[in-house]
Structure formats: structure tokens, C-alpha cells
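Peer 1: Please read through the structure below; I'll follow up with questions.
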Amino acid sequence: MGRSLVLTRHLVYLAAVAAFSMPTAASAAGCQLQKLGEMPVDMQGMQPVVSTKINGVKARFLLDTGSFYSSMWLDGATQYRLPIGPAPEGFYISGMGGRASARVATVKSFDFIGIHFHNAQFFVVDQGSLDNAVGLMGQNLLRISDVEYDLANGIVRFFRPVHCGGQPLAYWAVSTPFSFVKLRDLSETGNHLEATAVIDGRRMSVWFDTGSARSFLSLDAAARVGITPSSHGVTFLGTGEGIGSEAVKTWSAPVASFQLGGEKVQNAHLLMADFEPQRRIGEVGTDFPDVILGDDFFLSHRIYVAYSQKKLYFTYNGGPLFNLDLPQVLAGKAKPPPTVDASVHAAGATAGVAASDTPTNAEGFRHRGMAYASMHEYRRAIADLTQACKLAPGEGRNHYERALIYLRDGQASSALKDFSAAIRLQPDDIDAHLARAHLLQSQPDADPAAAVDLRSDLDAVSRLAAPGAAVRLALGSMYRKLGNYPAALAQIDEWLQNHPLAHDQAIGLNDRCWLRATANQELRKALRDCDRALDLTPDAPHAQASRIVSALPTSTRLDALDSRGLVYLRLGRPRAAISDYDSALDANPNIADSLYGRGLAEMRLGRKARARKDLAAAEQLDSGIVRYFTDIGLTR
């Protein structure tokens, strides 16, 4: 979900956009598009990540068209040793699940598509972080010109239209139909790309938001067309957290028709979510839209945002429009959606733009290949990454990205070879070491003789990572699976020492509680850790995202309840364990660990019928749950 800046007073930009000179295209009659620059995009799963420089050092941001102003996580600002001061009074960050306070970090030198900014400012959000980015790139940077989002080819382009007036700007659509919608509220303080769609015959407001991995229909909007959580075909998927502390429930919902501009698709599925946070009287800008069009929509379309015309042009690329990871919409969706009036073409509309999108170098093939992978087109993705490896044989990154695609395509042996190649080329690559370790640990049959590599990879990541790096918690889990309890504990301790905020402390304390419980070590300390984690989280019915939708964030509170249930089970206190498991399962009945743990506790109390029911339900959700509990010494 894109984070929006909520305003309670007139906004003044914190930093002026730097002046820059624009290259001119060759003189020609009519409309000209002058390319100001382009920005390669790495699709990390369903997240578009772009590279910039902070004080001369590479920094990666999540591309977020739904965020009015660019922001950084506190961990990122600390990593780059940026000065942090208070935000103007009345400012905060709002998104799915509520809102969070913000401060401001100043970057002395910020480089972006060849433009140099002095004393650029970013909001700093205390809560949360991303493993692959230091923050969010929002509209204050993206609105420096018209922008083309070609995520399927791994690129974002910036243009200045000259002598175009109202001519169509979808310059690539020479022989392809295009559609367009008018954008609302594009004043200096307008903070969203907002337009109108029609769902099942009803007009709906939509935001185009690359900060949201998937598209969502709001619960209120769904109700207006007769769709509720109890409707036929609606499936509950779980609940998670966004900005702030409120839980966000999510369903998969069928819609009879979805129409945007001249494009219409029938019998589609959308994620449906209750994502509007509680409002406060007198606040401005807290309204959320009826629909959020996320990265699944951006990947299935090529989009040109014409700020100059207050329009958004788009063409259909192919594949499913929404929910790329939901199995019910992965099959049979390769045909383009039927269109109503999308027969307009852009022949002759613009000049000065390259006609071909075919990559010409290794970087271009890598970006396009990663975009193909996000759309589950693995054969094409591997072909592009193979070309990138040939064009740049000394670049380990290409082998690393191809390995990730091999893994998603079920080719573990090929993935292992590429991870090893990436490490040979770049021995200090933390991502490659960690990915190879994950592969060797989760699929030991990929190379039965590679146990030494697994241990050396974990040790390398531990040596190379910053003390407060998010990877410390992952390392703790992986050392635990190796049976190295002291090394696992050291990783979590280091995380806790470097993350003093309550939210982060709760996460680390829960991880340490779980480590001690699964290892059957220091159980009294484990109980104190879980108690403290629960003290630091709101006493509200937040639910953990089910394993069915792993992309949705989990609730620390429910994790801690599940962990403490396991501690009580170890301590021989089955009634206390059942109480904690009940609290977790009341919020979300699809937590396999809690179901299985409660079943074991009920078995110890002689409640065999209840126990069998819970154990069977857990196995239905997670076929490996019996082996997992057996491995940690807990059996029926």
C-alpha cells in the first residue's frame, strides 16, 4: 500500500526540485517527447526497486507512486548516517492499517536519473523496514516530468512533451490499441494518481499505486456492488498489518466486470480489504479510494502518466490483470481483455523516442528478465538473464538473479550452480551467500555434500552484515536449524542491541522466545521474552497472515502468543498453552503452528477428540507440520 502524507495545513515542499537542463530532441514538426532520463527497475518479486545515490553511495528505494513524499525507514537513515530532525507540526504517514509518526532526514547529495539534488529531504518513519530498500520514492521526485512506467521491461522513463497539446502520448502504441483516463486532483498538493473505473456497473475511485504489490478493492466499495465477505466465491485469506497498528483483513473476491477507460475485463478476481484506518475529526486527506491498482496492474500494462495533460495512458501487455500469485487466476488468463473503445493508435503522435524496447546491454536484459519473472514467465526470464551473463561474464549479479528465477521455476540444481558462480565472482555478496544457504538448508538434496558451504555462507553473512542489519534475525533462525544455539542466540541479541524502538524490540524478543522454546533451552528466560514482547504490542485482536498469503505482513502480537503457547507446552502447562493458542486462533483460525500446538496440549489433557480435530486441521494447512514438531522433540 502506498504511504500517503496526510496534511492538516497548507503544504510547503520541504525541498525544491533541483533545476536541470533538458536535452532536446531532433527538431521535427508536431509533438516531440524529449527523454530526460530513464531509471532501471529491479522487480524483487512484486516490488519495483530502483537505485539512486545518497552522498555518493548506492541506495535502493521502493518505487511508490502512491506516496506523496519520499521517505526512508529509520534503519536506512541510520545506515547512511543522515541527520534527522522533526517533521513540521501536524505531519504523519498514513496507509493500510493506520498511521505512523514521521521525522525528516536531510541528504547533502542525492543523485537520481542524472539529476543532482542538494540537501534533499526525506520523511523518516520509525516503524518497519524493507530488506531490499532503504525507503520509498514518492511523487515529489516522480513528478518532475511526465513518466512512463514500463515495469514489464524493467524501466521507468522521464519525458518532457514539447508542442504536444492534447495529442496522445502513448508513443509506443503505433499498431496497438491504447486507453486513457483523466486524472483527478493534480494540483501541487495532490498526492495520488486518481481516476475513475467502473466495477459491475458502478463508478469507483482508483489510485495507481506501485507501493502496493497487488490491487485491492475496498470492503465498502465491494458492498456497493453487492459483494460481502459472505458472498458466494469470496475466500478469506488472512489478516495483516500496514502502516500503524490496526489489523487489515483480506479476501479474494470475484467481480463480474472491471472497466478502466476503454479497457474492460469480465470475470476477474480482486483482493478485497478493509483498509481504511479510523479517521479523526477535522483531518484532511484521510479518505482512501474504492480501488488500489498495484504492481500486478502495472506489470500487465505499459503506462504513461501525462502530468502535462492530467491524463494517464495505458496499453495491455498480456497475462492476468490482478493477483498474480493467486492460483485461481493464474490459469487461462493469457488472452487480452476485451476492450470497448480502445481502438485509438498513437501513430505519428510523437517523435524523438526510440522505436525498439529490445535491450542492448547486460543491465537491460537483467531488468527485463526480472520483470518477466514477476509475471511468472520463467522461460523468457531465464533467456534474458542468460544473455546478460554472456554479455557481462564478470558480473555476479546476473548469476544471482538467474539463480532466483531457477528456484521459482523449480530448478534447484541450476540455481545452486548460479549462486556459487555469483559468490566466486563477488565473494562479499551477502545476498548470494544468504540465498545459497537458504537453498542448501531447505533443499539439502540439491547438493548433499554442501554442508560445509552452508556453514561458511552463514558465517560469511554474519561477518559482512552491519550490526543492526535485518538479516540478523534470519541468521538466527538458520543457525537454529543447524543446531547451533549459541550462534543463533548471538544474532538475535545483536539485533536487539541495535533496535531500541518498541516495535522492533517486540519482534526481536519474540524471535528469541521462539528460539529458546524450539531449542528447549532457558525456558524461564523464553517466557520473560514473550511476556515482554506482548507488553510492547497492542492488546487487540490482530491476526497473523495465513501461510496461504505469505506476502501479507504478519502480526508480532500473534507471533508472540503462538511462541508463548509453545513455551507453556514445554513447561508442562497445557491449559496456559491452550489459552494463548485460543487467543491467536480466535483472530485467525488458519495458523497451523497454533492449531498443532493446541492439539498437543489438548492431547496431554486427555481431550482426544478435540486434539485430533486440531491436529488434522493443522496438517491440512501445512503438510510439513508433523515433521517440524517432531524435529523439535514434540510428538503426539
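The values are calculated or read from the model by the stated rules, or taken from the named source; none is laboratory data. Predicted, not measured: the structure shown is a model, and the values here were computed from it. A quick note on method: Cβ atoms are made from the backbone with ideal geometry, for glycine too, and the neighbour counts reach across all protein chains shown. Note: accessible area is taken over every heavy atom of the protein model, side chains too, but ligands, DNA and RNA are not part of it. Shrake-Rupley method; radii C 1.70, N 1.55, O 1.52, S 1.80 Å.
Peer 1: Excluding residues on the same chain fewer than 8 positions from Lys390, give the lysines whose Cα lies under 16 Å from its Cα.
Peer 2: Partners found: Lys417.
Peer 1: If you roll a 1.4 Å probe over the heavy atoms of the protein chains, what accessible area per residue do you get for segment 357-514, in Å²?
Peer 2: Counting only protein heavy atoms, the per-residue value for segment 357-514 is 44 Å².
Peer 1: So for each of 523-530, 148-155 I average, over its residues, the number of other beta carbons within 10 Å; can you give me the resulting order with the highest mean first?
Peer 2: 148-155, 523-530
Peer 1: A further question on this structure: Any idea of Thr358's accessible area? Nearest 10 Å², probe 1.4 Å.
Peer 2: Ignoring ligands and nucleic acids, Thr358 comes out at about 90 Å².
Peer 1: Could you tell me how far the Cα centroid of segment 503-519 sits from the Cα centroid of segment 417-467, in Å?
Peer 2: Rounded to whole Å, the Cα centres lie 24 Å apart.
Peer 1: To the nearest 0.05, how large is the calculated FRET efficiency for Ala449 and His163 if R₀ is 60 Å and r is the Cβ-Cβ distance?
Peer 2: Here the calculated transfer efficiency is 0.35.
Peer 1: A further question follows. Counting only the heavy atoms of the protein chains, how much of Lys249 is accessible to a 1.4 Å probe, in Å² to the nearest 10?
Peer 2: Result for Lys249: roughly 110 Å² accessible.
Peer 1: How much length, in nm to one decimal, is gained on full extension between Arg202 and Thr630, taken as 0.36 nm per residue of separation minus their Cα-Cα distance?
Peer 2: Here the segment from Arg202 to Thr630 would lengthen by 148.8 nm.
Peer 1: Separation between the Arg379 and Val174 pseudo-spin-labels, each 7 Å from Cα along Cα→Cβ, expressed in nm?
Peer 2: Placing both labels 7 Å along Cα→Cβ, they lie 2.8 nm apart.
Peer 1: How large is the convex hull of the Cα atoms of segment 415-473 per residue, expressed in Å³ as a whole number?
Peer 2: Taking the convex hull of the Cα positions in segment 415-473, it is 72 Å³ per residue.
Peer 1: Here is the link list: Lys264/Lys310; Lys481/Lys525; Lys525/Lys613; Lys249/Lys608. Which ones come out longer than 24 Å on Cα distance?
Peer 2: Pairs exceeding 24 Å: Lys525/Lys613; Lys249/Lys608.
Peer 1: Accessible area per residue, 1.4 Å probe, Å², for segment 555-636: what's the number?
Peer 2: 44
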